[in-house]
Amino acid sequence: MEFYSNLGLSNFRTMKIRIILAWAILLLSASFISAQDFSHMHGSEICAKGKQQRADLPAIDLRSPNSPRHKFDVINYELDLDIFHCYTNPYPKNFSASNIVTFRVDSTLNSIELDAVNSSLQIVSVGINGSSFSHANNVLTIALDETYNPGDTARVSIQYNHLNVTDYAFNVGSGFVFTDCEPEGARMWFPCYDKPADKATLSLRAKVPVNVKLGSNGSLADSVIIADSLWYHWVSRDPVATYLMVISSRVNYKLDIVYWTKPGNPLDSIPFRFYYNPNENPNSMKQMIVPLADFYYSLFGDHPFEKDGFATLNPQFQWGGMENQTLTSLCPGCWYSSLIAHEFAHQWFGDMITCATWADLWLNEGFATYVESLWTGEVSGQQEYINEINGNASYYFSANPGWAISDPDWAVNPPSNDVLFNYAITYMKGSCVLYMYRYVVGDSLFFRSLYEYANDTENFRYKSATIPDFVQKMNQVTGQDLNWFFDEWLYQPNHPVYSNSYSFEETGNGMWNVDFYTGQVQSNAPFFKMPLELYIRFSDLSDTLVTVFNEVNWQSYSFQFEKEPVTFTFDPRNQIVLKQATTIVHSESISAVKTMLYQPEPNPANNSVVIPFDIENAGDVRFYLSDFSGRLILSSELKALNSGSHRHIIDLSSVKTGSYLVTMETIAGRLSNKLIVVK
């Protein structure tokens, strides 16, 4: 399939895009002067800042293999909202509504529980298959009219009111009404099962004044004027996660529509709806969206949905964008190419395939940030793509808070927004992990594996995914076991710090040895296995690039050449973009260096573990077992050891199940390896 084997568009198209974007810069200078200026930021940064600053919300079959299961699976929400009076002064936030929830039963049930925040929602009555209800502690419990068995389908109707409160999910002001739900805010404007793995279709009717334009998910089924009221009816053909369900509306909204013709079917087109404030000019982005859609189509296949669109909001939505399915929210005047590229990438990675839990958010934000850099490379050239990734890594190094990209506990207990949407970790480091995955498997397998992931209709397309689901798919497509790569970069904190040395040795008859010795000296993370590129230049001005696989700490390599080496460079193309490294010349052949810490035996371990190690210099050796927060679990010391090979047994009888670091300290420094304890 040529669309993922060839990264570029034609030279003509690329030149056309550059002309369009140059014009876009001029147009942006005239747009919405009262908006904050985010033009110097990447789209990923604008996105992250916005999600961090939103209020933390209460945290209380369309599923991939490892997505969490539940007692029932919502199939459809049918919302009917009367928000007519929310658009006029004093802009009240209260409204009356109904919701019909259709669900399939996964275990024997005589009641269901829905998320419904008490401070925002007042439940009036239930009906159809709902017989009675209770509403406490942000949970709506509905008793069913009979006992339902697995496979049965049932419906409950809910009459409710939204109260006149500020909850940052249902927002009203200055003629605007809009919703903003990530991570778990949908429960503040309608009762629902508010977890990202539970995707459902949506039918939304809303009563508004006739001078209001209102957008939502899916397609506009109809808009009917009755007296002084306008009824919008939006229907989503495809399932939507609750946090991606949206209303974007205002009095006197401007609306333009651009049609994108699918390259694979000239008779089929998709409308892109641009909702904007009267003093804004989105023309540059209207012109960019067609080549952008073409590019993403070339990498990931068909645009997933029946329509798409963007809507700028009011200053209550201060930062960034929110990738609501088929209708992205943008901050006022934020018609920026990088932001559009980032949020549009989410339609594939985040909306079509949604993180199953908040522990899997990397599948959303890491992907959109990386794809944003691919668009930079498509428009401005390969070097700008590399520069953007290097910039992402630099930001990570400058602001790294020291936690992993994913913590499995977040699946049950989502952290605060400033942790979940941390820019250095979730976005910057997240994008760099994909860059390094591309390095590990090569361009062809990298783009093929992402394409196959995006087009796997059995497991992922229009469904949810966990990180283990994704890794399993990558293993399948590449034919490799890549668990080691994703485990160390996603589930462990920080990055490798390399301490390298090399030497050149003439062995006679015109032959030369190049010896290379590499170790990792970080104390706040385990050892990172990675392929290493080594660049050697010779006296005759020829050169060679050697790739070795570094699978244990303090590993040595030796190469023989028939010409004199003169320079040596470690990772010359900075492929391991998340690293720190020093490389020095060793004064003698380094093939005899002895200090090494080997993998624990066994690993995982139970009640004890053997630590094999070599030391070059006689002396004391200390061992430390710590968790990944740095907390010391236990320590031991071996006195006056001779140089050479040794084995040390550590008693783990008092150590709980978990992941730990085993650190060996000698006069030469510290070495660490990861140890898993399973009881």
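For segment 545-579, which residues satisfy the criterion of being surrounded by fewer than 14 Cβ atoms within 10 Å (Cβ to Cβ), over 24 Å from Asn390 (Cβ atoms) and hydroxyl-bearing (Ser, Thr, Tyr)?
Once the filter is applied, which keeps residues that are surrounded by fewer than 14 Cβ atoms within 10 Å (Cβ to Cβ), over 24 Å from Asn390 (Cβ atoms) and hydroxyl-bearing (Ser, Thr, Tyr), segment 545-579 yields nothing.
For segment 416-468, list the helices (runs of 4 or more DSSP H) that sit wholly inside it and hold at least 1 residues that are buried (at least 19 other Cβ atoms within 10 Å of the Cβ) and within 13 Å of the chain's Cα centre (by Cα); which are they?
Because the criterion is at least 1 residues that are buried (at least 19 other Cβ atoms within 10 Å of the Cβ) and within 13 Å of the chain's Cα centre (by Cα), the helices (runs of 4 or more DSSP H) in segment 416-468 that meet it are 417-420, 430-441.
Do the conditions hold for Ser248, that is, is it closer than 30 Å to Trp410 by Cα, in a strand (DSSP E or B) and of a type in the set (Gly, Ala, Ser)?
Judged against the criteria, Ser248 is a match.
Is there a residue in segment 383-393 that is within 15 Å of the chain's Cα centre (by Cα) and under 15 Å from Ala48 (Cα atoms)?
Yes, the conditions are met somewhere in segment 383-393.
Just give me the residues in segment 378-403 being surrounded by 19 or more Cβ atoms within 10 Å (Cβ to Cβ) and farther than 21 Å from Trp319 by Cα, in sequence order.
Glu378, Val379, Tyr385, Glu388, Ile389, Ala393
Among the listed residues Tyr193, Tyr276, which satisfies the condition of being closer than 30 Å to Lys71 by Cα, surrounded by 21 or more Cβ atoms within 10 Å (Cβ to Cβ), among the aromatic types (Phe, Trp, Tyr) and at pLDDT 95 or above?
Being closer than 30 Å to Lys71 by Cα, surrounded by 21 or more Cβ atoms within 10 Å (Cβ to Cβ), among the aromatic types (Phe, Trp, Tyr) and at pLDDT 95 or above holds for just one of Tyr193, Tyr276, which is Tyr193.
Looking only at residues that are among the charged types (D, E, K, R) and at pLDDT 95 or above in segment 238-264, which one is farthest from Gln316 (Cα to Cα)? Step through it out loud before you land on a result.
If we filter segment 238-264 for residues that are among the charged types (D, E, K, R), which is where we start, we get 238, 250, 254, 256, 262.
Adding the requirement that they be at pLDDT 95 or above leaves 238, 250, 254, 256.
Details: Asp238: 29, Arg250: 13, Lys254: 19, Asp256: 23 Å.
So, considering only residues that are among the charged types (D, E, K, R) and at pLDDT 95 or above, the one farthest from Gln316 (Cα to Cα) is Asp238.
Conditions tested, residue by residue: (1) touching a helix residue (DSSP H, G or I) at 6+ places or on another chain (Cβ under 8 Å); (2) crowded, with 17+ Cβ neighbours inside 10 Å; (3) modelled with pLDDT of 95 or more.
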site: Thr478; (1), (2), (3): yes, yes, yes
site: Phe485; (1), (2), (3): yes, yes, yes
site: Trp489; (1), (2), (3): yes, yes, yes
site: Asn494; (1), (2), (3): no, yes, yes
site: Ser501; (1), (2), (3): no, yes, no
site: Phe516; (1), (2), (3): no, yes, no
site: Gly519; (1), (2), (3): no, yes, no
site: Gln522; (1), (2), (3): no, yes, no
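Looking only at segment 185-196, filter to residues that are under 16 Å from Asn217 (Cβ atoms) and not in a loop (DSSP other than H, G, I, E, B); which one of those is farthest from the chain's Cα centre (by Cα)?
Cys192
Given the conditions (1) surrounded by 12 or more Cβ atoms within 10 Å (Cβ to Cβ); (2) of a type outside the set (Asp, Glu); (3) closer than 30 Å to Pro408 by Cα, report the number of the one that Lys656 does not fulfil.
Here Lys656 meets the rest and fails (1).
Tally time: how many residues in segment 659-678 are in a loop (DSSP other than H, G, I, E, B) and surrounded by 15 or more Cβ atoms within 10 Å (Cβ to Cβ)?
1
Answer yes or no as to whether Leu299 is in a helix (DSSP H, G or I) and more than 15 Å from Lys262 (Cβ to Cβ).
no
Does segment 147-159 contain any residue that is in contact with a Lys or Arg (Cβ under 9 Å, 6 or more places away or on another chain) and closer than 27 Å to Tyr87 by Cα?
Scanning segment 147-159 turns up no residue that is in contact with a Lys or Arg (Cβ under 9 Å, 6 or more places away or on another chain) and closer than 27 Å to Tyr87 by Cα.
What's the number of the condition Val577 fails, among (1) in contact with a helix residue (DSSP H, G or I) (Cβ under 6 Å, 6 or more places away or on another chain); (2) part of a strand (DSSP E or B)?
That leaves (2) as the condition not met.
Please tell me if Gly173 is in the same structural domain as Asn89 (by TED's automatic domain parsing), among the small types (Gly, Ala, Ser) and crowded, with 24+ Cβ neighbours inside 10 Å. Please lay out each step first, then the result.
Values: in the same structural domain as Asn89 (by TED's automatic domain parsing): yes; among the small types (Gly, Ala, Ser): yes; crowded, with 24+ Cβ neighbours inside 10 Å: no.
The answer is no for Gly173.
Within the set of pairs 6 or more residues apart or between chains, which connect a residue that is part of a strand (DSSP E or B) inside segment 302-330 to a residue that is among the basic types (Lys, Arg) and surrounded by fewer than 20 Cβ atoms within 10 Å (Cβ to Cβ) with Cβ atoms less than 9 Å apart?
Taking only residues 6 or more apart or on different chains, the pairs are Asp308/Arg273; Gly309/Arg273; Phe310/Arg273; Ala311/Arg273.
The values are calculated or read from the model by the stated rules, or taken from the named source; none is laboratory data. In this text, all values refer to a predicted model and were calculated from it rather than measured experimentally. Cβ coordinates were reconstructed from backbone atoms using ideal geometry, including for glycine residues, and neighbour counts include every protein chain displayed.
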